Amino acid sequence: MDLTLYSYHRNSAGQRVRTALNLKGVDYTYLSVSDIGWDAYREVNPQGLLPALRIGQRVVAQSTAILEYLEATYPEPPLLPDDPVDAAEVRAFAQLIACEMHPLNNNRVRRFLETDMDASEAAVLHWYRHWIALGFDSLETMLRSRPRDGDFCFGDRPGMADLYLVPQVQNARRFDCDLVPYPLIRAVDEACRRLPAFRSALPENQPDYPKGRPAG
Ligand SMILES: N[C@@H](CCC(=O)N[C@@H](CS)C(=O)NCC(=O)O)C(=O)O
């Protein structure tokens, strides 16, 4: 099946999907919204958010739905453990990022705060860092109480939780959030970034990343 990923270099929800495609060794075409424009993209995905995956003639939105499709279609290597409780725990970690952190801080929310709510740059930054800290406090606690050791969120190979964590850490760094209180999060992030599947999904390694701009 031909797969086309609509994304953008800085699209952190898309980075989850790019990493999963790399981990699973699935070929795909990368199409940047900066090449086709937002109006054309909204024709493809009326939700108007990135990413979306074209699967043959059909288009699926929402990174979590796309990841579930990939997991069902390309089961190796698995992104979730076999044990249902272990799998639920991994999903809970990932969904804390996807549902409780990322949506509060994405571009359109920050834009709305600035333009419709008259929030100053400092107030928006305060908002951003507040939700990062609240989320990372919980994630760090979850990592601390893991039943097993390993370099990654849940064990000795990367999975669903790691796909969500790395772009979220990257966003937090972009907004100078304090990561000192999160040694376990930083350790997992470093372990992931050593892997080619994670590295080639980074913004700076996408074809639409502006030439000459430093990474990060
Ligand atoms: N829940 C969605 C989130 C998608 C999302 O918020 N994407 C951001 C980029 S990371 C976006 O398209 N933002 C456009 C905007 O904020 O205007 C998913 O997981 O796919």
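Every read-out reported here was derived from the displayed coordinates using simple, explicitly stated rules and does not represent laboratory data. Please read these numbers as outputs of a predicted model, since none were measured by experiment. Every residue, glycine as well, gets a Cβ built from its backbone with ideal geometry; the counts of neighbours run over all protein chains shown.
The figures follow:
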| item | result |
| --- | --- |
| Gain on full stretching of the segment that runs from Asp137 to Ile55 - 0.36 nm per residue minus C-alpha separation | 25.8 nm |
| Residue order, fewest to most beta carbons within 10 Å, for Val124, Val180 | Val180, Val124 |
| Two-site FRET efficiency, Trp38 against Tyr69, from Cβ-Cβ distance with R₀ of 35 Å, rounded to 0.05 | 0.90 |
| Quotient of C-alpha Rg and 2.2 N^0.38 Å, computed over the stretch 3-77 | 1.01 |
| Fluctuation leader among Cys99, Cys192, Cys153 - the chain, Gaussian network, Cα springs under 10 angstrom | Cys99 |
| In order through the stretch 5-17: 3J(HN,Hα) via Karplus (6.51 cos²θ - 1.76 cosθ + 1.60), integer Hz, x for Gly, Pro | 9, 8, 8, 6, 4, 8, 6, 6, 5, x, 5, 4, 6 |
| ³J(HN,Hα) computed for each position of the stretch 107-117 - Karplus, 6.51 cos²θ - 1.76 cosθ + 1.60, integer Hz, glycine/proline x | 3, 5, 5, 4, 4, 5, 4, 6, 8, 8, 9 |
| Sequence-separation-based contact order of the stretch 84-199, relative, with Cα cut under 8 Å and 6+ spacing, percent | 29 percent |
| Relative contact order %, the chain, counting alpha carbon pairs below 8 Å whose residues are six or more apart | 26 percent |
| Rounded if a/c under 1.5, otherwise prolate or oblate - the stretch 24-115, Cα gyration tensor axes | oblate |
| Within a Gaussian network of the chain (alpha carbon springs, distance under 10 Å), most fluctuating of Ala20, Ala172, Ala88 | Ala88 |
| Sites matching chymotrypsin sites (Phe, Trp or Tyr not before Pro) across the stretch 78-177 that sit in DSSP coil, with at most 15 neighbouring C-beta atoms within 10 Å | Phe175 |
| Whole-number D in µm²/s for the chain (Stokes-Einstein; Kirkwood sum over Cα pairs; 25 °C, 0.890 mPa s) | 137 µm²/s |
| Packing-based exposure ordering (other Cβ within 10 Å, fewest first) of Leu134, Leu23 | Leu134, Leu23 |
| Charge-dipole axis of the chain as Lys and Arg at +1 and Asp and Glu at -1 on Cβ define it, positive-most pick from Cys192, Gln206, Pro167 | Gln206 |
| Residue exposure sequence - Lys24, Lys211 - by fewest surrounding Cβ within 10 Å | Lys211, Lys24 |
| FRET efficiency, Thr29 to Val109 (Cβ-Cβ, R0 35 Å, nearest 0.05) | 0.75 |
| Those trypsin sites (Lys or Arg not before Pro) in the stretch 113-164 that DSSP places in a loop and that have at most 13 other beta carbons within 10 Å | Arg148 |
| Theoretical ellipticity at 222 nm over the chain - DSSP helices of four or more residues, -39500 (n - 2.57) apiece, nearest 500 | -15500 deg cm²/dmol |
